[in-house]
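Novice: To start, I am sharing the structure in question, which I have written as structure tokens.
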Amino acid sequence: MASKFQSRLVGTIILVAIGVIFLPDLFDGKKQHYQEQFASIPLQPEVVANGEYESIPEPEFANVDLPPDPVTVVIESEPSKPVVKTVVSDAKPINVEPPVVTTPKGGNKESGWVVQLGVFRNFDNANTLVAKLRKEGYQAHVFPKQPKDGDLARVVVGPDVSKTKLTTELKELEKLTGLKGRLVRFNPLNP
């Protein structure tokens, strides 16, 4: 026969095995299975079997007769003033030629000129320079430039159609900013 120790050991092992196998299911409670609810989309829409469709009514044409004579408008005024009559008649169309556009002085009709002062990586530096130039009375702008290696800000003064005026301003801008600008054509579609 087995000793008391062996019997207790076997009993303990059986109780532990039962606890490991059945207790998790007992304490876990009723398991809820979540299944995603979805509606199936029909392959073909259902067709109305009755065939009740509204028909589009035919357009109605009104028979209107226009007067054969020109229309006369009579405006009555005070007795002291004469009666004004306006007669509307068939008038010939007047051909109006568009006005001739002349090129502005100092430039050509294609574009104006700008002074490009520099290209900056830091937009804050570019905006600070533009604020300084505007404070001095110049028409300055920041145009974003997007090359492959990142965003750049281009600072320009202008545009102006007079190339000579901007050429004289180049020296003043160099004294003011310390930057040597260059004169470039201004393209309004791609500044």
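Novice: Which ones in segment 150-164 are in contact with a Pro (Cβ under 9 Å, 6 or more places away or on another chain), hydrophobic (A, V, I, L, M, F, W, C) and assigned to a strand (DSSP E or B)?
Specialist: Within segment 150-164, LEU152, ALA153, VAL156 meet the criteria.
Novice: Output the qualifying pairs, or none if there are none: Cβ atoms under 8 angstrom, residues six or more apart or on different chains, first residue in segment 156-178 and in contact (Cβ under 8 Å) with a residue 40 or more places away in the chain, second residue open to solvent by 30 Å² or more (accessible area, probe 1.4 Å) and charged (D, E, K, R).
Specialist: Here the result reads VAL157/GLU169; VAL161/LYS105; SER162/LYS105; LEU166/ASP160; LEU176/LYS132; LEU176/GLU136; THR177/LYS132, each pair linking segment 156-178 to a residue that is open to solvent by 30 Å² or more (accessible area, probe 1.4 Å) and charged (D, E, K, R).
Novice: Condition first: in a helix (DSSP H, G or I) and either modelled with pLDDT of 85 or more or among the aromatic types (Phe, Trp, Tyr) (or both). Can you find one or more residues in segment 134-146 that meet it?
Specialist: At the first step, the residues of segment 134-146 found to be in a helix (DSSP H, G or I) are 134-135.
Right, trim to either modelled with pLDDT of 85 or more or among the aromatic types (Phe, Trp, Tyr) (or both) and you get 134-135.
Yes, segment 134-146 contains at least one residue that is in a helix (DSSP H, G or I) and either modelled with pLDDT of 85 or more or among the aromatic types (Phe, Trp, Tyr) (or both).
Novice: Are there any pairs with C-beta distances below 7 angstrom linking a residue in segment 124-140 that is under 14 Å from GLU172 (Cβ atoms) to a residue that is surrounded by 12 or more Cβ atoms within 10 Å (Cβ to Cβ) and among the charged types (D, E, K, R), with the two at least 6 apart or on different chains, and if so which?
Specialist: Listed pairs, sorted by first residue: ALA140/ARG134.
Novice: Does SER7 satisfy the condition of being more than 30 Å from ARG185 (Cβ to Cβ), open to solvent by less than 100 Å² (accessible area, probe 1.4 Å), at pLDDT below 70 and of a type in the set (Ser, Thr, Tyr)? Don't jump to the end; show me each part of the working.
Specialist: Numbers: more than 30 Å from ARG185 (Cβ to Cβ): yes; open to solvent by less than 100 Å² (accessible area, probe 1.4 Å): yes; at pLDDT below 70: no; of a type in the set (Ser, Thr, Tyr): yes.
No: the conditions fail for SER7.
The values are calculated or read from the model by the stated rules, or taken from the named source; none is laboratory data. Please read these numbers as outputs of a predicted model, since none were measured by experiment. Every residue, glycine among them, receives a Cβ derived from its backbone with ideal geometry; neighbour counts consider all protein chains shown. Ligands, DNA and RNA are excluded from the accessible area calculation, which covers all protein heavy atoms including side chains. Shrake-Rupley method; radii C 1.70, N 1.55, O 1.52, S 1.80 Å.
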